[in-house]
1. Per residue of the protein assembly as shown, what 222 nm ellipticity follows from adding -39500 (n - 2.57) for every DSSP H run with n ≥ 4, rounded to the nearest 500?
2. List the extent of the Cα atoms of the range B:3-86 along each of their three principal axes, largest first, rounded to whole Å.
3. Quote the relative contact order of the range A:24-148 in percent (integer), defining contacts as alpha-carbon pairs under 8 Å separated by 6+ residues.
4. For the range A:1-26, state which residues have at least 40 Å² less accessible area in the presence of all protein chains than in their chain by itself, taking the probe as 1.4 Å and leaving out ligands, DNA and RNA.
5. Taking residue B:175 in one copy and the same position in all the others, each labelled 7 Å out along Cα→Cβ, what are the pairwise distances from the first, in nm, shortest first?
6. Got a number for the accessible area of residue A:56? Probe 1.4 Å, square angstrom, nearest 10.
7. Ballpark to the nearest 100 Å², how much total accessible area do A and B bury together, probe 1.4 Å?
8. Given contacts defined as C-alpha pairs under 8 Å and at least six residues apart, what's the relative contact order of chain A, whole-number percent?
Protein chains: 2
Amino acid sequence: MEARHLRYALALAAHGHFGRAAHALGIAQPPLSKQIADLEREIGARLFDRTRQGVFPTAAGEAFLARARRALEEMTAATVDAGRAARGETGRLRLGFIASALLDPLPDVLGRFGRERPDVRLELHEMASGRSATALIAGELDVAVTLGPPRGAGAEHLVSVPIGHDHLIAVVSSAHPYAGQASVSVDQLRRQPLIVAAGEDEPAVTAGLRTLLGEDTAALDGATVARDVHTIIGLAACGVGVGLGPSRMLSVPRPGIRFCEVTPRTALPDLVLSFADRDRSPVLSAFLDIVRNNCPDVGAALDRRLGHTRVGDSCAKQP
Amino acid sequence: MEARHLRYALALAAHGHFGRAAHALGIAQPPLSKQIADLEREIGARLFDRTRQGVFPTAAGEAFLARARRALEEMTAATVDAGRAARGETGRLRLGFIASALLDPLPDVLGRFGRERPDVRLELHEMASGRSATALIAGELDVAVTLGPPRGAGAEHLVSVPIGHDHLIAVVSSAHPYAGQASVSVDQLRRQPLIVAAGEDEPAVTAGLRTLLGEDTAALDGATVARDVHTIIGLAACGVGVGLGPSRMLSVPRPGIRFCEVTPRTALPDLVLSFADRDRSPVLSAFLDIVRNNCPDVGAALDRRLGHTRVGDSCAKQP
DNA sequence: GCCTGGCGATACTTTGCAGGTATGAAAGGG
DNA sequence: CCCTTTCATACCTGCAAAGTATCGCCAGGC
């Protein structure tokens, strides 16, 4: 049975007349008679009563037509849904991100994306950079925002572009001795309990801190390890010690705390956006477009990485 | 788009390999490639990613395949449903019947029918014979059980067979003077208030009573008209008068009442089953089969009426 | 590095069937 | 009783689906 048979049967039922139904279908009457006859033979039951007063569906015909209508609806919906998915209007985007990214670039990007693509399901997974990288390589994520570019087995199949620079700053309670200072030195830091958000899953940050503090591993090893920047700020506000985190923290001012620069100024690993280089998903491409529009320099970096293979070509029509 | 395209796309997705999918479909590989290419061109989007590791649906492909699966399911369901409807396993039977038919033939017939055809929706409409007849002619009923064969415009297109004979009996309260009698005479009836269930919608019964009681129209005109036999019995039990009704009433014995024959014995119009002679609905034919099996003489009458045009031929396969 | 094998795409041929034209058969209506 | 209407049948044509042969491409192995 072919879709043609369904269309013909529905037209015949709608017009109640072979000649008019055939005309509406743009074919002659005999082919319609034959197709209906073929259909009835295949079904093994008469679907239409041919009377002088017109052609009417039998009970079997009514049952058939109800299903036929739904089948054709599904078929047109298949085309529509596929088109929407191809244009990235529907689908899913699994994003892994480091918590601090929620401070600066993500709110804008996710807001725009949600507004532009309301029917795309955004799956947001806050995780450390190392876990994002492995999940991305394993195909469990579509995009990742990490501190520093992903490393390790499989990372060569990822495209990574920096989407934000950062340097280290300190945060202390307003009551802290350093609270009035514009900046704190490395020596001052060594003399205080530290609060950092750098475990084994954030190798780039850990390495940066180690370089800054020199061989004095004691200061770092004794530091309180927080899971994210909000915890750093919270602990610092309690006076537990000096919090060390990305300058992105400045975007969340809060009473009872003070921020200080760290001298010497210490660059942190870039905030990096990564995705599989084979991934031509239109949803991903829409996401990248938004990231591109959000910060022009990122767009340039993206274009450099992707060369002339524009993401999104996969849904282009043939000439 | 044709159903073929859906089947091919699903096979390709299932096998992840053009060659094997084509083999499973019983065609060669190039036609499959072409059909998939045609489909993708029609949709305007690539549905499958051809990689070294295999052929995988894109996001658009996944959306398409989900709908395609449902469309094909609807199509097979269309065949199945049509077949069941053609065999009379599903559908609807609208039956109009006179209330007294519920005393004798209907309980058996409806019980069997419900057991044999559990998926047929039985629509039961208790109504007077006249209304049944007009509803049947208007196509609002499929079968009718009436007192006497339907008459009037359009009745010639109905097939009617008697399914039960009846004669008039009387019913009185146990306290009634006639209660001890085996039978009551016409003279005795004329001397008592009567209770009958014969209005203008039951012309055959009214005519029968008028013949019995002769020119003394007063007895009949003054009679209480009940809507059904149960009301006749109820009123008679209250001592309101002498109830006159079909002998079928005997099948509902009840304390506090007595039944008496009426002399002379007076035949009532036959209980008649009617349906449109053009109606070849398999559900109707199944219903008639049950009626036929329930009482052999009815079967013979049915066969005589229908001649060699067996009901149910409409769903026979061509040779 | 080159060969080889596997896979999908392409080119060309064949064929089956959808669709067109002409006509027949049956049943109402004037 | 003929004529019209309507669906079915017969036969022909052309397109497109399927088949055959081959190409191009990439990967993996010697």
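1. Values: 24 runs with 278 residues, N = 638.
After summing the helix terms and dividing by the residues of the protein assembly as shown, the value is -13500 deg cm²/dmol.
2. Principal-axis extents of the range B:3-86 (Cα, largest first): 49, 26, 20 Å.
3. On the way: 113 pairs, mean separation 26.4, N = 125.
Computed over the range A:24-148, the figure is 21 percent.
4. A:1, A:2
5. For residue B:175, the other copies' label points sit at 10.1 nm, shortest first.
6. Result for residue A:56: roughly 110 Å² accessible.
7. Values: alone 16560 and 16580 Å², together 30220 Å².
About 2900 Å² of accessible surface is lost on pairing.
8. Details: 523 pairs, mean separation 64.0, N = 319.
With pairs under 8 Å counted, the relative contact order is 20 percent.
The values are calculated or read from the model by the stated rules, or taken from the named source; none is laboratory data. Here the structure is a predicted model, which means the values were calculated and not measured. Here Cβ is always computed from backbone atoms with ideal geometry, including for glycine, and neighbour counts include all displayed protein chains. Just the protein is used for accessible areas: all its heavy atoms, side chains included, with ligands, DNA and RNA removed. Shrake-Rupley method; radii C 1.70, N 1.55, O 1.52, S 1.80 Å.
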